[in-house]
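The numbers here are math on the coordinates, done by the rules we state, and not lab data. Since we're looking at a predicted model, the values are computed, not measured. Cβ atoms come from the backbone with ideal geometry, glycine included; neighbour counts cover every protein chain shown.
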Amino acid sequence: MAPYAFSLAFQSLVREKWINLLSVFTIASGLLIISIAFFAAYNIDAATRKLPEKFAMILYLDDAITRDKVDGILGTLRKKSAVAQVRYISKDDAMKELKALLKNANYVFEGLDENPLPDSVEVRLKRDAVTPEQVRKLTEEIAGIKGIKEVDYGEKFLDALHSLKSGVRTVGLAIIVVMAIGIIFVCYSTVKILFYRRTEEIETFKLLGATKFFIRAPFLIEGGVIGVCGGLGSLGSILILNYVVIARLSSAVPLLATLLFPLNLFLLLPLIGLFLGITGAMIAIGRLQY
Amino acid sequence: MISFTNVTKEYENQTALRDITFVVEKGEMAFITGPSGSGKTTLLKLIYSAEKPDEGTISVAGFELDQLKEPSIPMLRRHIGVVFQDFRLLANRNVFDNVAMALRIRNMPEREIKHKVYETLKAVNLRHKADSFPRRLSGGEQQRVVIARAMVADPTVLLADEPTGNLDADTAEGVVRTFKDINARGTTMLIATHNRDLYRNTGRKVIRLEAGTLVSVGQG
Ligand SMILES: Nc1ncnc2c1ncn2[C@@H]1O[C@H](COP(=O)(O)OP(=O)(O)OP(=O)(O)O)[C@@H](O)[C@H]1O
Ligand SMILES: [Mg+2]
């Protein structure tokens with residue numbers, strides 16, 4: 001690219017500094033809102049990501065079920081594609097586990113001469129199978145198997161978790177898309193204003209023999225610079241928000257200390273600004289007659 | 001180098017040029033004269049393709065203008081230096097930058113530009129005004145800046161629209177001398193002027209317009 005295009009771009013950036021500063025400030029605000037939306041979604045997503053691994057269904061078996069029948073049931077379960085792991089827990093094992101768990105409170109078991117716990121099977125599902133629909137479908141199938149008395153899983157919890165996740169994703173994405181369009185529009189308008197404030201000069205350049213590229217390149221550069229500056233502004237703001245504001249508040253609100261801050265993703269903000277700025281500038285000059 | 005064949009140019013409400021035919025040969029220095037409003041500026045605008053003819057064909061420096069596509073217009077204009085009647089100086093740039101712009105649009109390196117611009121400013125006696133802004137210059141000085149900008153890139157064709165309009169007789173003579181020098185280097189010149197002194201007794205081609213029609217092509 002012709003070096004003089006940069007010179008022209010920087011002359012204009014300096015000459016129109018107030019318009020440009022206002023745009024940079026607006027873009028920085030927009031990108032900060034995007035960053036916060038992303039930060040929130042990222043953390044909610046991270047907090048819920050581990051949960052499916054802990055999720056398990058417990059199948060309680062009929063009393064006095066024979067070992068053969070249990071093996072049959074285990075075989076049927078293992079054949080299901082959603083199932084990752086199946087573990088048989090006899091009533092005696094269950095009691096041992098319970099006793100181990102309550103070994104400091106042995107008195108609970110005093111006077112208990114018969115094991116009241118049922119035989120059970122613990123079923124763990126594959127990660128991507130832990131959705132409300134799939135779990136419900138599986139439950140219906142399993143409940144139909146002979147010898148199974150009851151199926152237990154955290155239905156309400158699973159539903160809530162799921163709608164929280166998809167809600168956060170939808171809202172976060174909506175904010176990001178709307179704000180990105182807004183930022184492109186700000187860059188578009190700014191470049192258009194810069195252009196109209198220089199029409200006389202541009203008219204003269206054309207009469208002297210300037211190419212379209214010579215006339216347009218400075219505006220692309222200006223859009224890019226404004227975008228990058230907006231990106232840097234938002235990066236600075238989100239860093240301050242995390243390392244100063246949240247860091248200070250977390251002594252009062254311990255939950256804040258557990259927040260994850262994906263720094264390397266936020267370092268992309270200037271690049272995102274550059275992209276949005278150039279996009280806005282391209283739309284602006286594409287619509288001009290020059 | 002410049003040839004018009006049956007060229008007609010109409011603005012919304014009037015005919016600015018009607019059925020104009022003439023030729024300016026390579027290396028020639030020719031004049032256009034005629035009263036105010038006779039179409040001199042319009043004729044020059046047709047040459048650098050700031051206006052399009054409604055009828056007829058124009059050829060300039062090997063370009064057939066009716067076949068010229070939008071992206072090629074800058075290439076045409078780089079063969080032509082223009083002294084605009086209304087100057088078209090950039091108010092927020094100094095004399096040096098105004099003249100340099102003709103080279104910058106050609107992507108010439110800055111070091112060469114510096115050399116070229118100072119040399120040209122010296123030729124029009126404005127070397128000492130390089131850092132001044134146009135509105136701090138007299139009319140005649142501004143005129144000479146425009147002349148410097150038109151000639152700095154060594155164009156094939158130099159068009160001048162009333163280049164001595166703001167100059168006293170002595171300064172005008174200086175400009176004419178400069179034009180002759182440029183012409184002597186092989187640049188084809190076409191000068192629109194009211195000023196008879198510029199062409200009288202030169203034996204050069206004089207194209208006379210009246211109300212948009214060509215009344216004569218004679219010798220000065
Ligand atoms: N852009 C335009 N739109 C409409 N009419 C125009 C336009 N430019 C020039 N004209 C008209 O065309 C005619 C020729 O104008 P032109 O500028 O070519 O005259 P000129 O010979 O250069 O005059 P002068 O000696 O005063 O500079 C004039 O009557 C003018 O009013
Ligand atoms: Mg005129």
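Tell me, what is the FRET efficiency for residue B:127 and residue A:213 to the nearest 0.05, using R0 = 30 angstrom and their Cβ-Cβ distance as r?
0.35
Can you work out ³J(HN,Hα) from phi for every residue in region B:97-114, in order, using Karplus 6.51 cos²θ - 1.76 cosθ + 1.60 and θ = phi - 60°, giving whole Hz and x for Gly and Pro?
5, 4, 6, 4, 4, 4, 8, 5, 5, 8, 6, 6, x, 4, 5, 4, 4, 3
Taking the Cβ of residue A:77 as the centre, find all other residues whose Cβ is under 12 Å away and add up their charges (Lys, Arg: +1; Asp, Glu: -1).
Overall, the nearby charge balance is +2.
For region A:190-290, with the dipole built from +1 on Lys and Arg beta-carbon atoms and -1 on Asp and Glu ones, taken about the Cα centre, which of A:243, A:218, A:285 lies farthest toward the positive end?
Most positive-ward Cα: A:285.
Could you tell me how far the Cα centroid of region B:51-87 sits from the Cα centroid of region A:268-289, in Å?
Their Cα centres are 33 Å away from one another.
Just to verify a number: FRET efficiency for residue B:19 and residue A:203, C-beta to C-beta distance, R0 = 41 Å, to 0.05?
Calculated value: 0.85.
Which value, in debye to the nearest 20, gives the size of the charge dipole of region A:56-152 about its Cα centre, when Lys and Arg are +1 and Asp and Glu are -1 at the Cβ?
Using Cβ point charges on Lys, Arg, Asp and Glu, region A:56-152 gives about 560 debye.
State the extension gain, in nm to one decimal, for the chain segment bounded by residue A:79 and residue A:56, taking 0.36 nm per residue of separation less the distance between their alpha-carbons.
6.6 nm
Based on the Cβ-Cβ distance from residue B:200 to residue A:22, what FRET efficiency comes out when R0 is 56 Å, to the nearest 0.05?
Rounded to the nearest 0.05, the efficiency is 0.40.
Can you give the charge dipole size of the protein assembly as shown about its Cα centre, rounded to the nearest 20 debye, using +1 on the beta carbon of Lys and Arg and -1 on the beta carbon of Asp and Glu?
1340
In chain A, which longest range has no GluC sites (Glu not before Pro) that are both DSSP loop (not H, G, I, E or B) and surrounded by at most 16 other Cβ atoms within 10 Å?
In short, A:115-290.
Over chain B, with a Gaussian network built from C-alpha contacts below 10 Å, which listed residue (B:162, B:28, B:12) shows the highest mean-square fluctuation?
B:12
With θ set to phi - 60°, apply the Karplus curve 6.51 cos²θ - 1.76 cosθ + 1.60 along region A:219-236 and write out the HN-Hα couplings as whole Hz, x wherever there is a Gly or Pro.
6, 4, 4, 4, x, x, 5, 4, x, 4, 4, x, x, 5, x, 6, 4, x
Return a whole-number percent for the relative contact order of region A:158-290, with Cα pairs under 8 Å and 6 or more residues apart as the contact set.
Result for region A:158-290 is 42 percent.
Taking the Cα centroid of region A:106-154 and of region A:167-184, what is the distance between the two, rounded to the nearest whole Å?
Their Cα centres are 41 Å away from one another.
Given labels modelled 7 Å from the Cα in the Cβ direction, how far is it in nm from residue A:122 to residue B:213?
My value for the distance between the label points is 10.9 nm.
What residue among A:193, B:115, B:215 has its Cα farthest toward the positive end of the dipole of the protein assembly as shown, where the charges are +1 on Lys, Arg and -1 on Asp, Glu, each on the Cβ?
B:115
Using Cα pairs closer than 8 Å and at least 6 residues apart in sequence, work out the relative contact order for region A:49-158, in percent.
The normalised contact order for region A:49-158 reaches 47 percent.
Which residue, A:96, A:206, A:50, has the most motion in a Gaussian network model of chain A that connects Cα atoms within less than 10 Å?
So, out of A:96, A:206, A:50, the one fluctuating most is A:96.
Below 15 angstrom from the Cβ of residue A:187, what's the summed charge of the other residues (Lys, Arg +1; Asp, Glu -1)?
+1
Among residues other than residue B:154 whose Cβ falls under 10 Å from its Cβ, what is the net charge (Lys/Arg +1, Asp/Glu -1)?
Combined, the nearby Lys, Arg, Asp and Glu give +2.
Pairs of alpha-carbon atoms within less than 8 angstrom and 6+ residues apart define the contacts here; what relative contact order does chain A have, in percent?
With pairs under 8 Å counted, the relative contact order is 31 percent.
Counting other Cβ atoms within 10 Å, which trypsin sites (Lys or Arg not before Pro) in region B:67-112 have at most 10 and lie in a DSSP loop?
Filter output for region B:67-112: B:69.
Please get the size of the charge dipole for region B:158-220, origin at its Cα centre, with Cβ charges of +1 on Lys and Arg and -1 on Asp and Glu, quoted in debye to the nearest 20.
Computed charge dipole of region B:158-220: roughly 360 debye.
Sort out for me the Cα centre separation of region A:53-82 from region A:232-267, rounded to whole Å.
The distance from the Cα centre of region A:53-82 to that of region A:232-267 comes to 47 Å.
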